[in-house]
Amino acid sequence: MRTRNPLISLLKQCLPDAEPIALSESDDNFAWKVGDQTPVQKFPTAATWSFLFPPGQQVSWHKQVWFAGHIPKHAFLTWVNVKHRLATRDRMRRWGLQVPASCVLCSTHNESREHLFFECSFSSVVWQHFTSAANLHPPPSFEATLSWLGRPYSNSQLVLIIRFIYQASKYAIWKERNSRLHAAISRPPEAVIADIKDTVHLRLDPLQ
Ligand SMILES: [Zn+2]
């Protein structure tokens, strides 16, 4: 190919000389090579994805949040909460917002992640309703409970149910808090417990 374009001329100079065309009775075929791996005939989708987007380091709480069969909106809220990114009142006040400090559910303590989901009398009634029914005694703090949920158990069915209930409870408590705050609608813990039971039954029945 002849050209006056200086860029194309430069590219041609950089290219190796063309190999003579080899005559062969068999057809050409494609081979896919990902990184240093041996070329393969079939396009390796998973290996290509991992090569382009190397997986990050797995965190200790991964299976407590993203366990098989999780309810997406519950897992998402749990994940945001684990990252300590929910807009609880203590955080909003640290951002300089003029909001009351008190807990919307009990009005007797200041709202923080630790209080809202574990120390609050409202939340305790909801969470303990389920743990005491299963004769379980989780630790009374956010971080410790997260580790407790990740312990190996011999009964995998019980682990699944407890993780479901944990996420559903935190979701329902956050929903109740927002409902009181933004819609001025308050419900007792018993109503929230009934909702959680319905949600978990609906989810577990198809899985079983
Ligand atoms: Zn409270």
**OP:** Look at the stretch 88-99 and say how many of its residues are surrounded by fewer than 17 Cβ atoms within 10 Å (Cβ to Cβ), part of a loop (DSSP other than H, G, I, E, B) and within 16 Å of the ligand (Cβ to nearest atom).
**Re:** 1
**OP:** Restrict the check to the stretch 38-48 and report whether at least one residue is over 30 Å from Ala101 (Cα atoms), at pLDDT 85 or above, open to solvent by 70 Å² or more (accessible area, probe 1.4 Å) and part of a helix (DSSP H, G or I).
**Re:** yes
**OP:** Could you figure out which of (1) surrounded by fewer than 17 Cβ atoms within 10 Å (Cβ to Cβ); (2) touching a helix residue (DSSP H, G or I) at 6+ places or on another chain (Cβ under 9 Å) isn't true of Ala168?
**Re:** (1)
Subject >> Some residue of the stretch 105-116 being open to solvent by 20 Å² or more (accessible area, probe 1.4 Å), at pLDDT 95 or above, away from the ligand (no atom under 12 Å from the Cβ) and farther than 20 Å from Ser179 by Cβ >> reply: no
Original post:
Does the stretch 18-37 contain any residue that is in a loop (DSSP other than H, G, I, E, B), of a type outside the set (Lys, Arg), open to solvent by 90 Å² or more (accessible area, probe 1.4 Å) and touching a Phe, Trp or Tyr at 6+ places or on another chain (Cβ under 7 Å)?
Top reply: no
Original post:
On the given criteria, is Lys83 touching a residue at least 40 places away in the same chain (Cβ under 8 Å), away from the ligand (no atom under 16 Å from the Cβ) and either basic (Lys, Arg) or open to solvent by 50 Å² or more (accessible area, probe 1.4 Å) (or both)?
Top reply: no
Original post:
Given the conditions (1) away from the ligand (no atom under 16 Å from the Cβ); (2) touching a residue at least 12 places away in the same chain (Cβ under 8 Å); (3) within 29 Å of Ala168 (Cβ to Cβ); (4) not hydrophobic (A, V, I, L, M, F, W, C), and given that Ser102 satisfies all but one, which numbered condition is not satisfied?
Top reply: (1)
Original post:
Gln64: open to solvent by 20 Å² or more (accessible area, probe 1.4 Å) and either within 27 Å of His201 (Cα to Cα) or not basic (Lys, Arg) (or both), yes or no?
Top reply: no
Subject >> Selection within the stretch 117-135 - open to solvent by less than 50 Å² (accessible area, probe 1.4 Å) and either under 28 Å from Ile185 (Cβ atoms) or without any contact (Cβ under 8 Å) to a residue 12 or more places away in the chain (or both) >> reply: Phe117, Phe118, Cys120, Phe122, Ser123, Ser124, Val126, Trp127, Phe130, Thr131
**OP:** Taking only the stretch 118-141 into account, find how many residues are within 13 Å of the ligand (Cβ to nearest atom) and of a type in the set (Gly, Ala, Ser).
**Re:** 3
**OP:** Six or more apart or on different chains, Cβ under 6 Å: which pairs go from a residue in the stretch 136-147 that's more than 18 Å from Lys63 (Cα to Cα) to one that's among the polar types (S, T, N, Q)? Could you list them?
**Re:** Pro139/Thr145
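The values are calculated or read from the model by the stated rules, or taken from the named source; none is laboratory data. For clarity, every value in this text was computed on a predicted model and none was experimentally measured. Glycine also receives a Cβ, built like all others from the backbone with ideal geometry; neighbour counts cover every protein chain displayed. With ligands, DNA and RNA removed, areas are computed over all heavy atoms of the protein, side chains included. Shrake-Rupley method; radii C 1.70, N 1.55, O 1.52, S 1.80 Å.
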